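These notes concern the structure reproduced below.
The values are calculated or read from the model by the stated rules, or taken from the named source; none is laboratory data. All values derive from a computational prediction rather than experimental measurement. Methodologically, a virtual Cβ is constructed for each residue, glycine included, from the backbone with ideal geometry; neighbour enumeration extends over all protein chains shown.
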DNA sequence: CGTTTCGATCGAATCGATTCGATGCTAACC
DNA sequence: GGTTAGCATCGAATCGATTCGATCGAAACG
């Protein structure tokens, strides 16, 4: 009877190869030298038994690491609708993947306390409280926060929201604009900083409202404002996707951009489905992602907290013109 | 000296509470009844010692499960640019999250053999080989394949590509179209099936080319075809995002849609930044995601392979009209 | 009062590796 | 030739829980 033979373990392989368990382990991990002959004997035994390599769960327990990094991004559906978030995620994944770490999506409400995470990235603009925070702190899980609340003990990755926004505002001022309105993100660190930068130049800028970074959301937000917009000659948005929504809605209502209305964004993402290039503040999304991932690696390796602040650059496109 | 006290373990808690290790474990897991008094004593001891709950790594080893499900989506940057993929991912995440499972992103080239995965979802239209496949099979990791290659032993989630495409084609035929061109996805199961459905009605449909599901990619693909398109009166795309690209490019070149050219897509996703509603084949993305997640749960629970085939529906919008 | 039953608790085995310290053996050196 | 290195290998401890089977007491029952 062969029966329901359980999967072979490293001990089986070692026995079959005629070596000790520890030697077999070394043959796989390479953590200490093993003679070529022995290694081959072990690998041959493994192949013969159908052993598919050391059980990751066992290794994880022994080493105290899971190889998995969590990334909190709010609601998946909305978070990834913004190309800026994707560009950032892409860079994070690339660096972590190269280091052999996996990236686990954490949505807002799920119960993730039962998952072993080596570190967590918090990248939710617009959310400054988090149910899981206390638990992560209690479990001593390193936390890397991107443009988020300055939680004690966490590494902080940020960009120059305020200076960038101010530069953009100055560009509009130089074009002769004096009455500027703005569309903001939900109350959050980036929202406050970007608005502050705008107010450095236009202290009385009118807030049309807040919405998430989504074309349709911005469109419906500004819809009724555009028909009766008073003296406003420019709308500054806190994301390019919002700006795209404003451009589309303005046109739908017969306004020329930038002739009748200048529109500006933030992020510097590609909007190929828009036939003009947005004037915007370009942030180094890939750099931000890489810096985030490297902060994670550092924290996992036990390094101290080192915050990162990245520069941004004004890019003048075709969506802004003389007042 | 307090020294660098290592984190407390369940054994410490049990000792401090004056109960056995096994009882302390039961107090946390609730897997067998424990008297209320005992449980409270254990929890109190845990709080006092700063014990943050059973170590997930240890539990995972003992239970032989990691609570993590991998999802292979190709390159992150391109995969999530398509709202269809996001809608699907969203549903997957919701169901798995409710079951306490985490979702780990697997990009193409990373080395994920070292991660413990309870199951893997393969959702890469346009890729029919996968370096990790052999390894997953060797490790007996359940595989759920979405619209992908029919790999032995894996659960198969699919939609009615062919029937849907054929229905769309018949709609165009009824409108009088006779010369139809198509933009396809990369060679893959969906690509073949959707094209077959089109050819059920238009056997000689001309393939303009293949590209990924991306607005800009479709735009540049069809750019030169549109100026000299011969008798073609309609373009059928294999995704809505591609269709949006074709619409935009057609307009840029002075063609009216659907006046001069009818354009159709596939998926049924929202394109708010397009001022018309695409004629398309609507697939139940959320259902597909849920079915996928439920298949995963079933396989993890040890159930056998049960494939799923979901229906689609033609939605006639404003992007198609009489030839 | 003796016996059965059931719930609460405990002790010990177990999950499957990694890794530390010790040992044996061979080669190099003086 | 004796001593010293140094490499390969091994045995045993360890990571931190879960879970099976046994035990103990008290309540229920005849």
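Exactly one residue out of A:123, A:109, A:134 is over 11 Å from the mean Cα position of the chain (by Cα) and under 23 Å from residue A:304 (Cα atoms): that is A:134. Can you tell me which residue within the range A:252-268, out of those that are in contact with a helix residue (DSSP H, G or I) (Cβ under 9 Å, 6 or more places away or on another chain) and surrounded by fewer than 23 Cβ atoms within 10 Å (Cβ to Cβ), is farthest from the other protein chains (Cβ to nearest Cβ)? Among residues in the range A:252-268 that are in contact with a helix residue (DSSP H, G or I) (Cβ under 9 Å, 6 or more places away or on another chain) and surrounded by fewer than 23 Cβ atoms within 10 Å (Cβ to Cβ), the one farthest from the other protein chains (Cβ to nearest Cβ) is A:260.
For the range B:86-102, which positions are surrounded by fewer than 17 Cβ atoms within 10 Å (Cβ to Cβ) and at the interface with chain A (Cβ under 7 Å from one of its Cβ atoms)? Hit for the range B:86-102 is B:100, nothing else. Annotation: residue B:48 fulfils all but one of (1) facing chain A (nearest Cβ under 8 Å); (2) in contact (Cβ under 8 Å) with a residue 24 or more places away in the chain; (3) part of a helix (DSSP H, G or I); the unmet one is (1).
Please tell me if residue B:200 is surrounded by fewer than 19 Cβ atoms within 10 Å (Cβ to Cβ) and either within 14 Å of another protein chain (Cβ to nearest Cβ) or not in a helix (DSSP H, G or I) (or both). Talk me through it step by step, then tell me what you get.
Numbers: surrounded by fewer than 19 Cβ atoms within 10 Å (Cβ to Cβ): yes; either within 14 Å of another protein chain (Cβ to nearest Cβ) or not in a helix (DSSP H, G or I) (or both): no.
No: the conditions fail for residue B:200.
Among the residues of the range A:1-30, those that are assigned to a loop (DSSP other than H, G, I, E, B), within 14 Å of DNA strand D (Cβ to nearest atom) and within 14 Å of chain B (Cβ to nearest Cβ) comprise A:9, A:30.
Among the residues examined, residue B:285 does not qualify as surrounded by fewer than 16 Cβ atoms within 10 Å (Cβ to Cβ), under 22 Å from residue B:187 (Cα atoms) and modelled with pLDDT of 95 or more.
In the range A:84-97 there is no residue that is on the phi > 0 side of the Ramachandran plot and either touching a strand residue (DSSP E or B) at 6+ places or on another chain (Cβ under 7 Å) or outside any helix (DSSP H, G or I) (or both). Among the criteria (1) free of Cβ contacts under 8 Å to residues at least 24 places away in the same chain; (2) over 30 Å from residue B:303 (Cβ atoms), the one residue B:182 does not fulfil is (1).
Which numbered condition in (1) away from chain B (no Cβ under 13 Å); (2) out of contact with any strand residue (DSSP E or B) (no Cβ under 9 Å at 6 or more places or on another chain) is the only one that residue A:271 fails? Answer for residue A:271: the failing condition is (1).
Per-residue answers, yes or no, for (1) over 22 Å from residue B:58 (Cβ atoms); (2) modelled with pLDDT of 95 or more; (3) within 16 Å of DNA strand C (Cβ to nearest atom):
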| site | (1), (2), (3) |
| --- | --- |
| A:3 | yes, no, yes |
| A:20 | yes, yes, yes |
| A:54 | no, yes, yes |
| A:59 | no, yes, yes |
| A:69 | no, yes, no |
| A:79 | yes, no, no |
| A:97 | yes, no, no |
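Consider the range B:237-251 and keep the residues that are touching a residue at least 40 places away in the same chain (Cβ under 8 Å) and over 23 Å from the mean Cα position of the chain (by Cα). The one that is surrounded by the fewest Cβ atoms within 10 Å (Cβ to Cβ) is B:247.
Taking (1) within 14 Å of chain A (Cβ to nearest Cβ); (2) part of a helix (DSSP H, G or I); (3) within 18 Å of residue B:74 (Cα to Cα) in turn, residue B:191 satisfies each apart from (1). Filtering the range A:22-48 to residues that are at pLDDT 95 or above, surrounded by 17 or more Cβ atoms within 10 Å (Cβ to Cβ) and within 12 Å of DNA strand C (Cβ to nearest atom) leaves A:23, A:24, A:25, A:26, A:27, A:28, A:42, A:46. If you go through the range A:52-85 and pick out every residue that is within 8 Å of chain B (Cβ to nearest Cβ) and in contact with a helix residue (DSSP H, G or I) (Cβ under 6 Å, 6 or more places away or on another chain), you end up with 9.
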